[in-house]
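Taking it in order: structure first as structure tokens, then the write-up.
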Amino acid sequence: MQRIEALQPETAKGKTKELFDGIHTKLGMVPAMMRTMGNSPVVLESYLTMNETLGKSSLGGKLGELIALTIANANKCNYCNAAHSFIGEKLAGIEPRAIEAAREGKSAIPKTQAALTFARALLAKKGEVSDEDVQALRSAGYTDAAITEIIAHTALNIFTNYFNNAVAVAIDFPEAELTESAAI
């Protein structure tokens with residue numbers, strides 16, 4: 001059972017209503033995670049701003065979704081796994097086999113693999129990655145700007161995973177099975 005109420009867009013007021021209206025315009029719905037974050041318009045707006053801004057990063061939407069899937073499975077976040085499996089396939093055009101691989105932190109593309117490996121290292125090492133971890137990204141062809149963006153994508157997904165897991169947000173996307181062996 002969900003631990004904090006997911007607000008209804010029809011009854012929302014003030015800044016929360018304004019944010020919900022913007023989300024509905026973009027997505028045609030307001031997902032349960034965002035309706036729950038709406039209890040604090042500051043939290044919802046912070047999430048939306050960081051998510052929108054990172055959507056403009058040099059990494060591109062596909063890699064952002066693959067990082068999200070890797071982190072969701074590492075953190076055992078059912079909500080984010082379901083959401084990013086759906087978004088990755090339906091909106092970002094990621095092949096189902098690439099989605100499956102990303103759940104395990106894997107990719108057939110070496111450069112993408114380097115990013116997913118680094119994202120998992122960030123999580124496992126609580127941010128205290130080694131010089132070798134960073135050098136592996138540089139060797140794969142990532143610039144310093146891209147490395148900072150991988151860190152930011154990872155951090156954003158840790159936030160949403162922790163939020164969804166702590167609150168037990170009801171899943172409103174088609175369910176997708178977690179890859180249990182990927183958990184950290």
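Taking the criterion of being assigned to a helix (DSSP H, G or I) and under 18 Å from LEU156 (Cβ atoms), the residues of segment 113-127 that qualify are ALA115, LEU116, PHE118, ALA119, ARG120, ALA121, LEU122, LEU123, ALA124. Count of segment 1-28 residues, restricted to those that are assigned to a loop (DSSP other than H, G, I, E, B) and either in contact (Cβ under 8 Å) with a residue 40 or more places away in the chain or of a type in the set (D, E, K, R) (or both), is 8. Residues that are under 18 Å from ASN157 (Cβ atoms) and small (Gly, Ala, Ser) within segment 8-47 comprise ALA32, SER46, listed in sequence order.
Looking across segment 112-130 at every residue that is under 14 Å from ALA101 (Cβ atoms) and among the hydroxyl-bearing types (Ser, Thr, Tyr), the one that is surrounded by the fewest Cβ atoms within 10 Å (Cβ to Cβ) is identified as THR117. Can you tell me which residue is farthest from THR148 (Cα to Cα) among those in segment 87-112 that are among the acidic types (Asp, Glu) and assigned to a loop (DSSP other than H, G, I, E, B)? The residue in question is GLU95.
Entry remark, segment 31-77: residues being buried (at least 20 other Cβ atoms within 10 Å of the Cβ), under 24 Å from ILE4 (Cβ atoms) and assigned by TED's automatic domain parsing to the domain that holds ALA155 number 7 in total. With the requirement that a residue be among the aliphatic types (A, V, I, L, M) and either farther than 24 Å from ASN51 by Cα or in a helix (DSSP H, G or I) (or both), what does segment 128-149 give you? Answer for segment 128-149, where residues must be among the aliphatic types (A, V, I, L, M) and either farther than 24 Å from ASN51 by Cα or in a helix (DSSP H, G or I) (or both): VAL134, ALA136, LEU137, ALA140, ALA145, ALA146, ILE147. In this structure, does SER139 turn out to be more than 18 Å from LEU63 (Cα to Cα) and surrounded by fewer than 13 Cβ atoms within 10 Å (Cβ to Cβ)? Taking the combined requirement at face value, the residue does not satisfy it.
The values are calculated or read from the model by the stated rules, or taken from the named source; none is laboratory data. Treat the numbers as computed from the prediction; the structure is a model and nothing was measured. Cβ atoms come from the backbone with ideal geometry, glycine included; neighbour counts cover every protein chain shown.
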